[in-house]
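The values are calculated or read from the model by the stated rules, or taken from the named source; none is laboratory data. Note that the structure is a prediction, hence the values are computed from the model and not measured. Cβ placement follows ideal geometry from the backbone for every residue including glycine, while neighbour counts extend to all protein chains displayed. In case anyone asks, the SASA skips ligands and DNA or RNA and just uses the protein heavy atoms, side chains included. Shrake-Rupley method; radii C 1.70, N 1.55, O 1.52, S 1.80 Å.
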Amino acid sequence: MVLLAAPLAGVASATASVTMSASAPAMTFGETVTLSGTLTGDPGCVAERTVDLAWQANGSTTWTAVATTASAADGTFAFTNGQQFTGLFEAQLPPAGACTAASSEPVAVSVRVLLDTSLVAGSLEAGSCVDVDVQVSPAKPEQTVELQRRSAGAWTTVETLTLDAASAAHASPCFDWKDIGIVRLRVVWTPQDTLNARGAGISLAFRIGESAWMQAIDGAIGGRSVSVDVANAGQTLYAHAPNTMRRPASNEKLLLSMALLDRFGADLRIPTIAAASNVQAGVVRGNLWILGRGDPEVRGSRLGALAAQLKHAGISKIRGRVMGARTYFRHDWWARGWQPGWRRYVALPSALTFDHNVVDGRLIRNPEARAAAALTAQLEGRGISVRGRPGAGAPPPNTTALAQVGSRPLSALLAAMDRPSDNYYAEVLGKTLAADRSGPPGTIGKAAAAIESFTEAHGADFSLYDSSGLSYSDRVNASGIVNLLAYAETTPWGTDLRRALPRGGHGTLEDRLRDTRVRAKTGTLNRVSALSGWVWLGREHRWVAFSILSGGMSKEVSVRIEDAIARVLSRRARLG
């Protein structure tokens, strides 16, 4: 018997393909994502087929099985899964009988960090602080988060915080006058590794209101035409219409004082010089000239000291005359904005002054000749003969100094100007500044330009026409004045400026603020008032700068408002 064996037929393999997608491309730590897919191919390899879900962390090459399910009769399947870190998901089909293995294309899902933020506040008013706490998951110790604030339609980082070992951080932002209104904060983690995507905490919204002392100032103003600015080291504490341009009146002298101190320093002594062009063996062969440079306090005693120096220098005879020089300042005596009758309020601002340029209560036009006459008498009283009669004029260009005397220190001159608010001192010292800055002759207009140059250099855009503040055309604002006072606080002469100003119960504050520690310059024109300087905060034990400018009301009303504001600041204001 012959048996014939037929060869065994080959067993055919069956195939299926798998696709998968994520319900969202990103999720936040603690959330889940749904991964759903479909098997297609040979019917026997589609229904009730085992499907494994594998995950690979970002930056890794290792796949880890994280879940298993079975496909439905129609080949569909779904997983719900959550992960800490950004990575890839893949659906994998293990071989089953004749069904071969297969896998889907990787599906990327990023995981944002979770920022759990909270805010605790006591009072929500200007000067207060809040506590912001944040916990970041997954843990990111030693990494940083940003505390941001919503402003002008954008989020801006205000502080960077480092996470501690527990992945937590704390901030205590504080708020002042400029923060009054709705404040929105949030905390953001920006990627500092490849494991997670950027995350942001919830927006923490709250309202900052005025503190009680600010409300008291509002009440004192009462809707009137008043500008106020208060600042601590340049940081605004309170403001009301601070940028409105107003007339400074004698607050102009405060600006002049700063410009003078900034250029010369507090110790400047303005010279008055005796000079001649031809001296031989103690004999002045020609005229002896008195050259003034803007000392507003020249009087007989000062000229007596000059005569004594000439005697000591060996001068025995003057064959010409003693002459007062008139050319270092121009004899201008008017400024734009000065009202009719201004000469009742300011004497002629000359370079060589004598007895405040007043004789028997009358303002004089010839102080140089009077100074020459006084020096002639002093010389003759010391045995120095003078042939000619005293006079005034333009000195020759080739004179040589024989003797000179200095004024009191500039700090003392400023006190003599600011405390009684003396217009004559202001216009004389203004011309001194002008002649030094742009060359003689000093004029009222050049003095105003010199002050304006100083204020512009420090961010204050003012329009000025004199040095005394008599001009109704002058314009300043409270914000600019306070910014200049803040600058003064950073200079070597800032304390000298403060000391030059009237204190409560003295100078132009003689009948005001006796119970308040204040150093401030007043200002008064018809229906114009000002008070600017420093007030001592009793609750903080420090000076703060302030400026109050008003118009359109009686002096009585203006003073009541200014004094009320100064008292509120002194007794109730807080920095935080």
Could you tell me how many of the residues in segment 425-472 are closer than 14 Å to Asp332 by Cα and among the acidic types (Asp, Glu)? 2
Return the pairs, sorted by first residue and then second, in which the second residue is among the aromatic types (Phe, Trp, Tyr) and surrounded by fewer than 18 Cβ atoms within 10 Å (Cβ to Cβ), the first residue lies in segment 112-133 and is in contact (Cβ under 8 Å) with a residue 24 or more places away in the chain, the beta carbons are less than 8 Å apart, and the residues are 6+ apart or on different chains. Leu119/Phe206; Ala121/Phe206; Leu124/Phe206; Val130/Phe206
Among the numbered criteria (1) more than 30 Å from Ala57 (Cβ to Cβ); (2) outside any helix (DSSP H, G or I); (3) not charged (D, E, K, R), which single criterion is violated by Val188? (1)
What number of residues within segment 315-337 satisfy the criterion of being in a strand (DSSP E or B), open to solvent by 10 Å² or more (accessible area, probe 1.4 Å) and of a type outside the set (A, V, I, L, M)? 1
The listed residue being in contact (Cβ under 8 Å) with a residue 12 or more places away in the chain, over 25 Å from Glu427 (Cβ atoms) and in contact with a helix residue (DSSP H, G or I) (Cβ under 8 Å, 6 or more places away or on another chain), out of Leu237, Leu256, Leu261: Leu237
Mind checking which residues of segment 363-418 are assigned to a loop (DSSP other than H, G, I, E, B) and of a type in the set (S, T, N, Q)? Asn366, Asn398, Thr399, Ser407
Could you tell me whether Val559 is surrounded by 16 or more Cβ atoms within 10 Å (Cβ to Cβ) and in contact with a strand residue (DSSP E or B) (Cβ under 6 Å, 6 or more places away or on another chain)? no
Is there any pair with a first residue in segment 342-371 that is on the phi > 0 side of the Ramachandran plot and touching a residue at least 12 places away in the same chain (Cβ under 8 Å) and a second that is open to solvent by 30 Å² or more (accessible area, probe 1.4 Å) and in a strand (DSSP E or B) whose Cβ atoms are under 7 Å apart and which are 6 or more apart or on different chains, and what are they? Asn357/Leu363
Does Glu489 fit the bill of being within 22 Å of Ser453 (Cα to Cα), surrounded by fewer than 21 Cβ atoms within 10 Å (Cβ to Cβ) and among the acidic types (Asp, Glu)? yes
Which of the residues belonging to segment 268-296 are surrounded by fewer than 24 Cβ atoms within 10 Å (Cβ to Cβ) and closer than 30 Å to Ile548 by Cα? none
Consider Ile565 against the criteria (1) part of a helix (DSSP H, G or I); (2) open to solvent by 10 Å² or more (accessible area, probe 1.4 Å): it satisfies all of them except one. Which criterion is unmet? (2)
Residues of segment 136-163 being outside any loop (DSSP other than H, G, I, E, B) and closer than 22 Å to Phe85 by Cβ, in sequence order, are Val136, Ser137, Thr144, Val145, Glu146, Thr162
